[in-house]
Every structure is written in C-alpha cells, then in structure tokens.
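> Right, I'll just put the structure down here and ask away after.
Derivation of every value follows stated rules applied to the coordinates shown; laboratory data play no part. Bear in mind the structure is a predicted one, so any value in this text is a computation, not a measurement. For neighbour counting, all protein chains shown are included, and Cβ atoms are generated from backbone atoms with ideal geometry for every residue, glycine included.
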Number of protein chains: 2
Amino acid sequence: MNEKPVPEAAANGFGDMPAEDFRAYGHQLIDWIADFLANVGDLPAFPNVQPGDIRAKLPASPPDKGEAMEQVLADVDRIVMPGMAHWNHPRFFGYFTSSGSAPGILGELLGAALNANNMLWQSCPAATELEQVTLDWLRQMIGAPPEFFGVVYDGGSSSTFHAIAAAREQVAGLNVREHGLNEAPRLRIYTSEQGHSSIDKAAMALGLGMESVRRVEADDEYRMIPQALAGAIVEDRRAGVLPFCVVATAGSTSCTSIDPIPAIADVCEREGLWLHVDAAHGGAAAVAPEMRHVLDGCDRADSIVVNPHKWLFVQMGLSVLYTRKPDALRRAFSLTPEYLRTAQGDEAVNFMDYGIPLGRNFRALKLWFTLRYFGVEGIAARIREHIRLARRFAEQVDAHPDFERLAPVPLSTVCFRAHPRGLNDEDALNDLNERLMQAINQTGEAFLSHTKLRGRYTIRLVVSHLRVNEEQINRVWEIAQERLLALMRAEKWLAGKWR
Amino acid sequence: MNEKPVPEAAANGFGDMPAEDFRAYGHQLIDWIADFLANVGDLPAFPNVQPGDIRAKLPASPPDKGEAMEQVLADVDRIVMPGMAHWNHPRFFGYFTSSGSAPGILGELLGAALNANNMLWQSCPAATELEQVTLDWLRQMIGAPPEFFGVVYDGGSSSTFHAIAAAREQVAGLNVREHGLNEAPRLRIYTSEQGHSSIDKAAMALGLGMESVRRVEADDEYRMIPQALAGAIVEDRRAGVLPFCVVATAGSTSCTSIDPIPAIADVCEREGLWLHVDAAHGGAAAVAPEMRHVLDGCDRADSIVVNPHKWLFVQMGLSVLYTRKPDALRRAFSLTPEYLRTAQGDEAVNFMDYGIPLGRNFRALKLWFTLRYFGVEGIAARIREHIRLARRFAEQVDAHPDFERLAPVPLSTVCFRAHPRGLNDEDALNDLNERLMQAINQTGEAFLSHTKLRGRYTIRLVVSHLRVNEEQINRVWEIAQERLLALMRAEKWLAGKWR
C-alpha cells in the first residue's frame with residue numbers, strides 16, 4: 001500500500017479518519033494480526049532488550065503534523081515488536097498467563113468501535129445488561145449461587161480492594177463512608193502467608209495500614225490452617241483488635257494452593273467476619289465439572305473474585321467480583337451527583353454505584369464473544385487439558401534425578417527447581433535456580449517466572465495458555481534440562497565441584 | 001458468508017480459533033465498523049428501550065457447545081445495537097463525550113491482539129516504554145513541566161483517588177501505609193462546590209469519610225473563591241482538623257468552570273497542602289496554544305489529571321495522572337512480592353508500583369496511534385473548532401427570547417435552559433426543562449444530559465465530539481426550539497397559562 005497522508009479535512013481539524021481509510025487500514029491490521037497469531041511461536045517469547053532501548057527509538061516529542069497511518073503501522077514492526085514480551089507465545093509460562101482468544105480480540109475491537117461508557121444504565125443500556133447477563137452466565141459456569149451479584153473491574157487487585165471496602169463498610173457501629181476510620185479501633189484482615197499482595201495493597205489504600213493484615217500460618221501444602229486462623233482471631237480480640245474480614249485463596253499466586261474454604265467459612269460464620277475468596281486464577285478450573293471442588297465452601301463466602309482474563313481466555317482488563325451483599329458494596333461506593341441522576345432510579349443497575357471507576361468501557365463484549373465461541377464444554381475441555389499437561393510435566397520433574405518439585409499441583413501450575421545430586425547448600429541452590437531460569441528465558445524459546453517457597457527459589461510453570469500443547473510442554477522440559485546441563489558444565493559441576 | 005461451526009479441534013479443547021477464520025471474521029467486522037462509523041448519524045442517538053429489554057433477548061444460560069461466530073455477529077445487530085446509546089453519534093452531546101477515533105480503534109485492536117500485561121517493565125518492555133513516551137508527549141502538549149511523571153489509570157475517578165492517596169501518604173507524622181488512619185486526626189480535603197463526586201468517593205474509599213471533604217464556596221461563575229478556601233483552612237486548623245489536600249478544577253463537570261489555580265496554589269504553598277488539579281476534561285483544551293491559560297498555575301500543582309478519553313479522541317479507559325511527586329505515589333502503593341521481583345530493580349519503571357491495578361493492558365497504543373495520526377496541530381484544530389461551535393450555540397441561546405444561558409462558556413460546554421417569557425416560577429421552569437431534555441432525547445436525533453446549577457435544572461450541550469460540526473449544532477438547536485414549542489402547545493402555554 002502506498003503511503004496515504006492524513007487527508008486535508010482530517011488534518012485541518014474536522015472529523016475522524018475517513019471511514020474508507022479505516023476500512024483499508026483495518027483490513028491491513030487484521031491480516032497482520034492473523035499472521036502474528038499463526039506465527040507468534042516463532043518469535044522470541046521475551047525480547048533481548050535493556051531498559052531504555054525502546055524509548056531510544058521513539059521521538060522525544062509528538063509530531064506537529066499528522067502522520068500517515070502506514071508509518072505508524074510500520075513502527076509497530078520496527079519499534080514495538082522488538083520490545084514485546086509475547087504473552088501469546090505458546091511457551092509463555094510466566095506469572096499467571098493471560099491468553100486472550102481470537103473471539104476476545106473481535107469483542108474488544110467491537111467495544112473500541114462502539115466506545116460506550118457503561119457507568120449508568122442510561123449511558124448505555126446494552127452494555128449494562130450484557131454485563132449483567134454474561135456475568136450471570138459465568139456465575140453458573142463456576143457453580144456459584146444465584147444470589148451472587150457480579151461487577152467487572154480491571155483486575156483482581158481492584159476486585160479484592162472493592163471487596164475489602166465492602167467488608168469494612170459492614171463493620172457494625174463504624175459508618176466509614178461518613179466518618180472515615182477516625183475513631184475506629186484497629187481492624188484486622190486475615191489471610192494466609194500465601195495470600196496475594198493485593199490484600200496488603202488494599203489495606204494500605206483503605207487507610208487500614210499494612211499492620212491490619214495478619215498472615216496466618218499455612219500447612220506443608222501452603223494452605224491456610226483454620227485452627228491457626230481461629231487462634232489469631234481470639235488473640236486479636238483479647239488485644240482489643242477488631243477482626244472483620246478473612247481472605248481465603250483458591251489458587252494462590254506462588255503455587256496455586258487451595259485453602260480449606262469450608263473450615264474457614266465455619267470460622268467466619270462463628271466470628272461474624274466477611275469471607276472474601278481470591279479465586280482470581282483458580283476459579284476458572286471450576287468450569288470443568290470434575291474440578292468444581294476448588295470452590296467448595298465458596299457458596300458460603302460473602303464475595304469471590306474470578307478473573308476471566310487469567311484462565312478463561314479473555315483479554316486483559318476483565319476481573320469479576322461476585323458478592324452476595326451488593327448493598328454493602330454499594331453503600332461503600334455509591335454517590336450520585338445531579339449530573340448523573342437518571343429517570344430509571346433503582347429500576348436499573350448503574351454499575352458506577354459499585355466502585356471507584358466512573359468511566360467503564362464495554363468490556364462484556366469480549367467475554368460474551370469468547371464464551372459463545374468456545375461454549376462451556378470447549379472451555380472446560382481446555383482447562384482439563386491444561387491440568388493433564390501440568391501433571392505430565394510434574395511427573396517428568398519427579399522422575400528426574402537432578403530436578404525436584406516444590407509443591408503439589410492442585411491446578412495446572414508446577415513449582416519446581418533444579419536440585420543436582422549432591423548439591424545441598426540452599427544458597428547455592430537458590431543461586432543456581434535463579435541463573436537457570438534466566439538462562440531458559442534468554443533462549444527466547446520460553447518464558448517462565450519465579451517465586452520463593454519457604455525461602456527456596458522456585459521456578460513456576462503455569463499451564464493455562466490457550467496455545468499450549470504437549471509439544472510445547474515437552475520442549476520447555478528439554479530446554480530446562482539442556483540449560484541446567486550447560487550451567488553445570490560451565491561451573492565445572494561435572495567435575496564434582498560447585499563453583 | 002455461510003455459517004462456519006467451531007472447528008472440531010477448537011471445539012474439543014485445543015487452541016484458539018484458527019488464524020484463517022480470525023482473518024475472515026476480522027475483515028467482516030472491520031467492514032461492519034467502517035459502515036457503522038460512516039452511518040452512525042442515521043441511527044438513534046439513544047435507544048427506545050426500558051430496563052430489562054436487552055436482557056430479555058439473551059439466553060439465561062451460556063451455551064454448552066461453541067456457537068458459530070456468524071451467530072454471535074448477527075446477535076450484535078439483533079440484540080446489542082437496539083440497546084446502544086451511541087456515543088459515536090455526531091449529536092451525542094451528553095456527559096463529557098468520549099469519541100474514540102478510528103486510529104484509536106486500530107490501536108485498541110492491536111493492544112487486544114498483543115494482550116500484554118504492563119505491570120512490570122519485564123512483563124512487557126515495549127508497553128512500559130511506550131506508555132512513558134506517549135505520556136511525556138502529552139505532557140508537552142499541555143505545557144506541563146518536565147518533572148511531571150505520568151501514569152495511566154482507567155478513568156479520572158481512579159486518577160483522583162490515587163492522587164489523594166499520595167497526598168495522604170505525604171502527611172507528616174502519619175505513615176498511613178504502615179499504621180493506617182487509626183491514630184490520625186481528622187484530615188481535610190478542600191474542593192469547590194463544583195468539584196467532582198470522585199473526590200467524595202476517594203475520601204470514602206481511603207477511609208477518610210465524606211466528612212473529610214469540605215466544599216468551598218464558588219463565585220457567580222462557579223469558580224472556587226481562594227479567600228473562602230484560606231478562611232476554611234484557618235477555621236479547620238483552629239478546630240483541630242488537619243488540612244492536607246486541595247482539589248482545584250479546570251473544567252468542572254457541570255459547567256466547565258475553571259478555578260483560579262494560581263491563587264489556590266498560593267494558599268497551598270503557604271499552608272503546605274498537596275494541590276491536585278482535576279483537569280480531566282479541561283486539560284485537553286491546553287493543547288491549543290491560545291487556550292493554554294486553562295492550566296495556568298498547574299505547573300505549581302503536585303498532581304493533575306487529564307483524560308485523553310474525554311476530549312482527546314481516544315477510546316474509554318485512558319486517564320493520565322501527572323505528578324511531580326512520584327515517590328509519594330509509589331510509597332502509597334508499591335509492594336513487591338517475590339513473584340514480581342525482577343532483575344531490573346530500580347533501573348526501569350514498573351507501573352504496578354504506582355497504584356492498585358496489577359493487571360494493566362497495553363493502553364498506550366491507542367494514544368500513540370491517535371496522537372500520531374492527527375498530530376498536535378490536528379488535535380488543536382479540532383479543539384479550537386469545538387470552542388467556536390459552542391460559542392456560536394451560546395450566542396443563539398442568548399439571542400432567543402425563550403431560552404437563557406446559565407453559565408459562562410470558558411471551554412466548549414453550554415449550560416442553558418428554556419425560559420419562556422413570563423414564566424418565572426423556578427419549580428415550573430425546572431419541571432419544564434426536565435421534560436424538554438427528555439423530549440429532545442426521545443427524538444433519537446440527539447442526546448443531552450443535565451445538571452443543576454444553584455437549584456436550576458440545566459441542560460448541558462458538550463461540544464467535544466470528533467464528529468460534531470456546524471450542521472449538527474444547528475440541528476440540535478432546531479430540535480430544542482421545536483420541542484419547546486411542542487411542549488408549550490401541549491401545555492396550552494400559548495394560551496398564556498402554564499399547566
């Protein structure tokens with residue numbers, strides 16, 4: 001395509017890009033994306049760049065005159081692509097993967113074109129009602145009770161923040177909404193030592209402070225010990241601290257451990273505490289009927305977060321908070337200035353009443369497209385396959401004399417490390433595994449991320465990617481073994497000596 | 001196109017939609033969008049639906065088996081479109097409009113395809129650095145000082161929430177991050193009576209409570225009175241309250257009034273208070289050199305919010321907070337668990353350190369595409385034209401014996417009402433204008449929203465839409481006059497009697 005300058009009218013300040021130009025560039029970009037999706041496995045999973053490299057290729061100032069779209073698209077290849085960590089790469093196994101599907105791309109494209117703000121029913125009825133319906137579909141898919149009301153936030157951290165705010169608003173005799181925490185006693189949130197950092201972040205933001213978070217001991221499989229929780233609550237009450245919320249986890253970030261939620265729910269009911277369940281990653285597994293047990297006890301929770309953008313193949317920016325107490329959430333956040341009052345009053349749901357965000361884009365479309373295209377069974381089948389592949393990888397680790405597994409595999413994440421025969425110094429093992437993971441990532445063939453489990457440097461393999469298959473799993477296992485061998489050779493480990 | 005079922009492999013749980021199918025549906029959707037953008041002016045700006053109408057057309061449960069994409073796309077026409085408030089309609093004048101451009105659609109499409117999570121530099125170097133560069137471009141465009149550091153949030157309410165959290169973290173002797181507000185005195189935030197509701201919402205969420213927000217008197221043109229601010233601070237200090245933050249507004253939501261920021265900055269400097277400027281809508285105007293004055297004094301602010309998704313033609317979900325004190329923001333929100341530690345350490349910016357969200361999609365692309373395609377001059381020219389058109393509309397209101405303007409027009413929003421000769425009962429005027437706005441919106445030809453200014457029901461015409469032009473302005477003015485006449489006839493007003 002020849003370069004087409006910005007048309008005179010557009011350059012001079014009238015209107016948008018002509019629709020026919022949009023059509024042409026749109027087709028061009030769709031073709032680019034189709035090729036990208038077909039070939040992303042041939043690109044490096046992680047780029048070979050240093051901080052500042054991409055920035056250095058970009059002009060320091062914006063262009064005065066409009067530029068041809070061809071130049072912009074060419075710069076995607078020239079500047080953006082060489083700096084991409086490819087979350088779409090079939091051997092991207094890091095963090096919790098987000099592998100947005102092709103139907104999700106189409107849904108997001110449509111949402112960008114319609115560009116409605118779903119703050120009020122009246123600001124876009126279709127966006128509000130499609131959000132209600134798709135969230136109710138997802139609720140059914142994970143087996144949550146019908147009284148659970150869903151709201152979309154941008155991510156799991158935001159969902160948990162809003163849940164804890166609702167819990168705080170429920171504390172008898174406080175009325176934080178009006179008076180703040182000025183005369184409140186020290187409040188306490190409990191979570192296990194494996195609970196997500198978003199809980200501390202929420203405590204900081206909500207004015208509770210990190211001191212309000214008490215980390216409860218976990219068992220050998222990294223699950224909260226309910227007796228330890230009960231003991232901590234008794235201890236706190238004696239010290240004049242006011243317990244109000246427990247965050248249990250179904251699929252912890254480090255190792256996907258699943259807290260014993262029924263026993264935790266017993267404690268919460270007895271003590272009158274809000275139970276929030278962080279199932280941001282793990283909740284997806286419940287879509288497969290045989291995995292429904294991961295959410296056992298969640299029907300007794302006050303709130304639960306599930307992120308379709310993690311293991312349900314929807315693009316980033318779609319986390320769902322379900323709560324049986326939408327009124328508490330609303331009391332914590334609703335505020336309607338005159339310019340947002342509408343004739344519908346309480347007849348319709350106005351999602352702005354349930355959180356900080358007022359600008360809310362039409363995110364339900366990508367969830368709707370994805371759920372419909374794959375169907376419940378298609379999604380369950382993918383999740384089932386991921387669990388099978390993760391177990392297969394775990395078996396290979398278990399069988400290898402120089403590797404070991406560091407946690408159970410209740411879902412599809414494998415925590416492992418190299419542990420060469422005879423090397424038993426924990427510092428040396430940590431150092432070796434850190435270098436091993438970097439060496440794997442430096443091949444560009446795969447990307448993994450790490451955690452620490454009880455002080456041990458742990459490599460995580462998260463098998464929840466839409467593009468993963470047995471071949472990819474076999475290949476990353478080969479790479480891990482090759483890189484370990486290379487490190488050991490370089491370190492003369494084969495001569496029986498470490499460093 | 002014939003219906004193409006979900007392919008066997010995809011239905012059985014392996015992989016994504018085949019790339020060639022994505023290509024075909026992508027082209028189909030691009031064509032649909034091109035037609036939509038060309039013809040959106042012929043669609044109703046607001047749909048004729050009641051709460052529940054769209055929901056009733058959707059199945060109560062998700063499909064077990066995957067569905068053909070053709071069905072999904074057909075349902076966009078059948079179910080979604082009849083429920084759309086068309087924010088793209090050239091006569092959508094409500095709220096603050098968000099008219100995402102065609103380049104912005106392409107940028108969002110690309111972001112959905114790349115689907116990277118920009119939480120850490122290491123989770124996607126290109127996304128982090130492109131966000132840094134485009135935000136620095138925008139900073140230059142509005143004339144903000146080089147030391148201003150930018151972060152993207154989903155909307156203005158979130159930006160203001162994060163700014164006030166940073167201000168709170170700065171309060172000497174408190175350390176809210178660790179200890180919370182437990183032993184803090186009553187803190188106070190000041191804003192004018194026209195300040196945005198997000199300020200109260202932030203106070204609620206941050207544990208300060210609505211009582212922490214003090215609304216300062218505004219002058220006849222709805223601008224904060226600096227002497228009243230200074231007086232309120234003295235009064236509060238005497239009462240043992242601790243002032244810590246002032247939120248000034250450059251472009252208030254009701255009527256785009258612009259607070260006297262230099263005088264407010266004087267007060268803040270003298271009193272040692274954090275000055276946050278809400279320029280979510282108004283900041284865009286500063287891109288036009290002759291309008292740079294709207295941000296006068298902002299170089300002395302501690303933080304300022306500007307929303308490209310309002311008047312800079314970028315899709316929803318892109319608000320920017322600039323602050324000269326990124327360390328305060330970071331102290332309020334940073335927290336790095338082991339699984340998010342990276343080798344870069346402090347060498348690179350990790351945007352997750354500056355807020356609640358951990359999942360952050362690649363939003364800079366749509367800003368980059370839009371700024372480059374239109375160029376600074378192209379964007380300034382559009383803003384200039386909107387201001388011209390708004391003034392023209394205001395002149396017509398002023399000249400009409402049965403309409404009146406209710407506020408100055410410092411930017412491109414006109415606040416007006418019908419005020420038929422001889423009708424001077426304020427309740428009757430409020431009632432008439434509420435019905436007039438509804439009647440205008442019921443035509444489907446235009447959409448406006450309202451506010452109240454000192455008790456008076458006020459119709460707002462926001463001229464900041466990419467597709468607006470003189471013809472659209474003339475037409476909405478005609479509709480307003482026609483509808484008023486019809487209401488007056490129906491009410492036998494012409495016989496000299498009101499109701």
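> Under a 5 Å amide H to amide H cut-off, with H placed in plane at 1.01 Å, what residues pair with B:R188 once short-range neighbours are removed?
Residues meeting the criterion, in which the H sits 1.01 Å from N, are B:L242, B:F244, B:C245.
> With each label point set 7 Å from Cα along the Cα-Cβ vector, what nm distance links A:E235 and B:E269?
5.2 nm
> If the cut-off is a Cα-Cα distance under 12 Å, which aspartates and glutamates reach B:K325, setting aside same-chain residues fewer than 8 apart in sequence?
B:E147, B:E169, B:D302
> How large is ³J(HN,Hα) for each residue in segment B:435-450, as worked out from phi by the Karplus curve 6.51 cos²θ - 1.76 cosθ + 1.60 (θ = phi - 60°), to whole Hz, x for Gly and Pro?
My calculation for segment B:435-450 gives 5, 5, 5, 4, 5, 4, 5, 5, 5, x, 7, 7, 9, 10, 10, 10 Hz in order.
> Under 18 Å from a point 7 Å along the Cα-to-Cβ line of B:E491: which residues of segment B:424-451 have their amide N that close?
Residues passing the 18 Å test: B:424-443, B:450-451.
> Still on this structure, I have one more. Quick one: which residues, 5 or more positions from B:T249 or on another chain, have an amide H under 5 Å from its amide H? H modelled 1.01 Å from N in the peptide plane, none for Pro or chain starts.
Residues meeting the amide H criterion: B:D259, B:D278.
> Could you give me D for segment A:40-160, from Stokes-Einstein at 25 °C and 0.890 mPa s, where the hydrodynamic radius is the Kirkwood radius over C-alpha pairs? Units µm² s⁻¹, please.
Translational D for this selection: 132 µm²/s.
> Another question, if that's okay. Below 8 Å between Cα atoms, with a sequence gap of 6+, how large is the relative contact order for chain B in percent?
20 percent
> Under 8 Å for C-alpha pairs, at least 6 residues apart: give me the relative contact order for segment A:193-337, rounded to a whole percent. Don't skip to the answer; put the middle values down first.
Details: 223 pairs, mean separation 23.8, N = 145.
So the answer I get is 16 percent.
> Moving to a separate point now. Could you work out the helix-only [θ] at 222 nm for the protein assembly as shown, with each DSSP H run of four or more residues adding -39,500 (n - 2.57) and the total divided by the number of residues, to the nearest 500 deg cm²/dmol?
One gets -13000 deg cm²/dmol as the mean residue ellipticity at 222 nm.
> What does the copy distance list look like for B:R270, label position 7 Å along Cα→Cβ, in nm and ordered from shortest?
The projected label point of B:R270 is separated from its counterparts by 6.0 nm.
> Sequence-distant or interchain residues sharing an amide H contact under 5 Å with A:E193, placed H: which?
A:V216, A:A218
> Here is a further query. As an exercise, use a Förster radius of 45 Å and the Cβ-Cβ distance of A:D327 and A:D31 to find the FRET efficiency, rounded to the nearest 0.05.
So, using R0 = 45 Å, E works out to roughly 0.35.
> Same structure again: Ordered shortest first, which distances in nm separate the 7 Å Cα→C-beta label point of A:R475 from those of the other copies?
Sorted ascending, the copy-to-copy spacings read 5.4 nm.
> Something else about it: Please give the FRET efficiency for B:K4 paired with A:T342, using the beta carbon to beta carbon distance and R0 = 35 Å, rounded to the nearest 0.05.
Approximately 0.30, to the nearest 0.05.
> Continuing with the same structure: Taking a point 7 Å out from Cα toward Cβ as the label site, list the nm distances between A:R238 and the same residue in every other copy, smallest first.
Spacings between copies for this position, smallest first, are 4.9 nm.
> Ranked highest first by the average count of other Cβ atoms within 10 Å around their residues, in what order do B:355-362, B:423-430, A:447-454, B:38-45 fall? Mind showing how you got there, number by number?
On the way: B:355-362: 27.8, B:423-430: 13.0, A:447-454: 20.5, B:38-45: 16.2.
By packing density, highest mean first, the sequence is B:355-362, A:447-454, B:38-45, B:423-430.
> Kirkwood hydrodynamic radius (Cα pairs, Å) of segment B:117-362?
For segment B:117-362, inverting the mean 1/r across all distinct Cα pairs yields 18.2 Å.
> Taking 45 Å as R0, compute the FRET efficiency from the Cβ-Cβ separation of B:E478 and A:A74 and round it to 0.05. Each step should come with its number before you reach the end.
Working: r = 46 Å, r/R0 = 1.01.
With a Förster radius of 45 Å, E is 0.50.
> Oh, and also: So what's segment B:147-217 giving for Rg/Rh, alpha carbon basis, Kirkwood Rh from the mean inverse pair distance?
Ratio of gyration radius to Kirkwood radius: 0.97.
> Please report, in debye to the nearest 20, how large the charge dipole of the protein assembly as shown is about its Cα centre when each Lys and Arg carries +1 at its beta carbon and each Asp and Glu carries -1 there.
That gives the protein assembly as shown a dipole magnitude of about 1020 debye.
> Please turn the phi angles of segment B:320-330 into ³J(HN,Hα) values with the Karplus equation 6.51 cos²θ - 1.76 cosθ + 1.60 (θ = phi - 60°), one per residue in order, whole Hz, x for glycine and proline.
10, 9, 9, 9, 8, 10, x, 5, 5, 4, 5
> Across the protein assembly as shown, what fraction of all alpha-carbon pairs, as a whole percent, falls in each successive 10 Å bin from zero upward?
Taking all Cα pairs of the protein assembly as shown, the binned fractions are 2, 12, 21, 25, 21, 12, 5, 1, 0, 0, 0 percent.
> Using a 10 Å cut-off on Cβ to Cβ distances, tally the other chain neighbours for every residue of B:90-98 and report the average as a whole number.
Mean shielding by partner chains, rounded to a whole number: 3.
> Let me ask you something else. Distance between Cα centroids, segment B:200-265 to segment A:168-206: provide it in whole Å.
Each part's Cα centre sits 27 Å from the other's.
> Now for a different question. Check the axis relating chain A to chain B and name the residue of A whose C-beta is nearest, distance in whole Å.
Residue of A nearest the axis onto B, distance in Å: A:G207, 1.
> Still on this structure, please answer the following. From the phi angles alone, apply the Karplus equation (6.51, -1.76, 1.60; θ = phi - 60°) to segment B:373-385 and give each ³J(HN,Hα) in whole Hz, x where the residue is Gly or Pro.
5, 8, x, 4, 5, x, 5, 4, 5, 5, 4, 4, 5
> For the protein assembly as shown, what is the percent of antiparallel DSSP beta bridges, rounded to the nearest 5?
55 percent
> Suppose we take every Cα in segment B:67-116 and form the convex hull; what volume per residue is that in Å³?
Spelled out: Cα convex hull of segment B:67-116, divided by residues, is 129 Å³.
> When a/c is below 1.5 the answer is rounded, else prolate if a/b is larger than b/c, else oblate, so apply that to segment B:92-227 with a ≥ b ≥ c taken from the square roots of the Cα gyration tensor eigenvalues.
oblate
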